[in-house]
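Just so it is clear, none of the values below were taken in a lab; they were calculated from the coordinates. Keep in mind that this is a model prediction, so the values were computed, not measured. Cβ sites come from the backbone with ideal geometry, for glycine too, and all protein chains shown count toward neighbours.
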Amino acid sequence: MCRDRATAYAEAAKQAAPQAVQVADVWHLWSNLAKAVEKTVAAHYGCLRSAHESATVANEPEPPPVPDGFLDVHGRPRRIVATIRERHRAVQELRATGRSLRGISRDLDLDYYSVRRYARTANVDELLVKVTQRRTKLDDYKPYIYQRFTEGCHNARQLFREVRDQGFPGERTTVSRYVRLLREGMVTTPPLPALPKPRRAPRWILTHPERLRPDEAVGTKEIRAACPEHDATVDHVRTFAGLMHEHHGEGLPAWIARVDQEALPHLGQFANGLLHDLDAVTTGLSSPWSSGEVEGQVTRVKLLKRAGYGRAELDLLRTRILLRT
């Protein structure tokens with residue numbers, strides 16, 4: 001009897017079919033492990049931030065020359081830079097005459113909060129940095145493009161195809177613009193990978209190493225180096241995944257013992273929870289049985305129900321389910 005790990009299900013199965021072999025569903029096991037990994041990463045996210053800030057300071061190049069009104073801080077032609085300079089100058093001049101912020105907003109036909117931001121910022125370069133140094137879709141792929149460029153690949157189309165295969169969702173012009181900066185020598189130091197988001201790092205840890213993209217593999221290596229707790233978590237997750245895929249449930253007690261020796265409370269809580277349902281979990285890891293078919297049918301029924309936008313009565317919903325079977 002395959003089930004999830006809720007105590008009520010275990011008791012019900014025991015009473016209704018005491019002769020049946022209970023099997024803990026592996027999907028629910030992996031889901032529980034994923035939640036423990038997310039909590040572990042969140043608890044030690046400060047380690048990643050500190051390591052990233054240290055690397056950023058060490059990698060920081062010499063300040064670039066102050067751009068003129070038609071170039072941003074990267075040397076790219078940007079009309080928005082000239083617009084911000086002009087608006088900042090106008091707001092500061094009107095403010096110096098004693099004009100109120102709301103009056104300036106009416107005179108210049110600008111939003112009041114924009115006018116207030118221009119008035120409170122004495123140095124226009126602070127506004128320019130906020131505009132021109134925002135994160136973009138390409139940031140996660142810049143280290144790879146920089147590496148390939150230094151290896152001799154200067155073809156923007158080829159580089160675009162390579163990062164697109166890695167999951168880049170942007171346009172070719174975005175890659176071409178960055179390659180042009182590399183050709184013109186505007187980028188003098190290797191770009192650092194972006195600090196992984198709290199939900200991205202757990203996904204890297206939970207993904208099979210062979211299925212990680214090159215940038216994700218590099219990111220996983222960096223988070224392991226930045227924090228010993230993350231390094232230990234990766235090892236334990238991959239060992240548990242091996243037990244699951246190779247159906248070696250007999251190795252579970254040793255895995256639980258190793259986790260208990262680590263200072264990983266969330267992962268340890270998951271491991272100790274397995275002890276309360278050890279027989280079913282061991283059988284689940286050792287056998288090919290799972291609730292995958294049932295969960296798939298439940299998902300299909302929910303999809304058909306939601307496709308009716310709440311207007312499908314039971315008889316219509318039943319007919320649609322049977323017709324799709």
Per residue, the convex hull volume that the Cα atoms of the stretch 136-183 enclose (Å³): 63
Given charges at beta-carbon only (K, R positive; D, E negative), |dipole| of the stretch 136-183 in Debye: 240
Per the chain, cysteines lacking a partner by the 4.7 Å Cβ criterion: Cys2, Cys153
For the chain, convex hull of alpha carbons as volume per residue, Å³: 240
R0 of 56 Å, Cβ-Cβ distance Ala225-Leu101: FRET efficiency to nearest 0.05: 0.70
Cβ-defined net charge surrounding Glu313, 12 Å radius [Lys, Arg +1; Asp, Glu -1]: +3
Theoretical FRET efficiency, 1/(1+(r/R0)^6), r = Cβ-Cβ of Asp315 and Ala17, R0 35 Å, to 0.05: 0.60
Cys153-Leu278 pseudo-label distance in nm [points 7 Å out on the Cα-to-Cβ vector]: 5.1
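Work out the FRET efficiency for Arg116 and Ala82 from their Cβ-Cβ distance, taking R0 = 30 Å, and round it to the nearest 0.05.
Once the sixth-power term is evaluated, E becomes 0.90.
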Base-10 log of normalised Debye intensity for the stretch 206-247 (one unit scatterer per alpha-carbon) at q = 0.19, 0.31, 0.34, 0.35 Å⁻¹: -0.58, -1.07, -1.12, -1.14
Two-site label geometry, Trp30 and Gln166: point separation in nm, points 7 Å out along Cα→Cβ: 2.5
Amide hydrogen neighbours beyond the local backbone of Cys2, cut-off 5 Å, H modeled: Val23
Sorted by Cβ density within 10 Å, fewest first, the residues His266, His245: His245, His266
Dipole moment magnitude, nearest 20 debye, the stretch 184-325 about Cα centre, only Lys, Arg, Asp, Glu C-beta charged: 1000
Gain on full stretching of the segment that runs from Glu210 to Val294 - 0.36 nm per residue minus C-alpha separation: 27.4 nm
Dipole magnitude of the stretch 207-252 about its Cα centre (Cβ charges: Lys, Arg +1; Asp, Glu -1), debye to nearest 20: 100
Whole-number Å³ per residue for the convex hull built on Cα positions in the stretch 79-125: 64
Burial ranking of peptide ranges 231-238, 95-102 (average Cβ count within 10 Å, highest at the top): 231-238, 95-102
Which of Asn155, Ala43, Leu128, positive extreme of dipole for the chain (C-beta unit charges): Leu128
q = 0.20, 0.25 Å⁻¹, the stretch 243-325: log10 I(q)/I(0) [Debye, one scatterer per Cα]: -0.85, -1.15
Flagged links, alpha-carbon separation over 24 Å, of Lys39/Lys221; Lys35/Lys142; Lys197/Lys221; Lys14/Lys305; Lys137/Lys197: Lys35/Lys142; Lys14/Lys305
Hypothetical label at Arg306: residues of the stretch 1-42 whose amide nitrogen lies under 16 Å (7 Å Cα-Cβ projection): none
Centroid-to-centroid separation of the stretch 213-292 and the stretch 95-173 [C-alpha atoms, Å]: 41
